[in-house]
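K.L.:
Would you mind keeping the following structure in view while I ask a few things?
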């Protein structure tokens, strides 16, 4: 029992490490096609804008404003289904 109390006290005295969230990065995913799940068709020349781990915009690539510092990821020949599990 004394050992348990001792170890608990030692653990409380150890410096606590703080976890910091990774910086949220913007990504523009540019596949050949996007299936949005709302219409019965697949969309050519659409893109998906992701901020951190959230989808913030889906639509025609020309209509999406690219945030400063965003990384563009080309996905040629692929169909992307954003938000579908």
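The values are calculated or read from the model by the stated rules, or taken from the named source; none is laboratory data. Keep in mind the model is a prediction, meaning the values are calculated, not measured. A quick note on method: Cβ atoms are made from the backbone with ideal geometry, for glycine too, and the neighbour counts reach across all protein chains shown.
K.L.:
Looking only at the stretch 60-85, which residues are more than 17 Å from the chain's Cα centre (by Cα) and part of a strand (DSSP E or B)?
P.N.:
Scanning the stretch 60-85 gives 60, 76, 77, 78, 79.
K.L.:
Is there a residue in the stretch 20-29 that is on the phi < 0 side of the Ramachandran plot, modelled with pLDDT under 70 and over 15 Å from the mean Cα position of the chain (by Cα)?
P.N.:
yes
K.L.:
Could you grab me the full set of residues in the stretch 22-42 that are under 11 Å from residue 81 (Cβ atoms) and in a strand (DSSP E or B)?
P.N.:
Matches in the stretch 22-42: 31, 33, 34, 35, 42.
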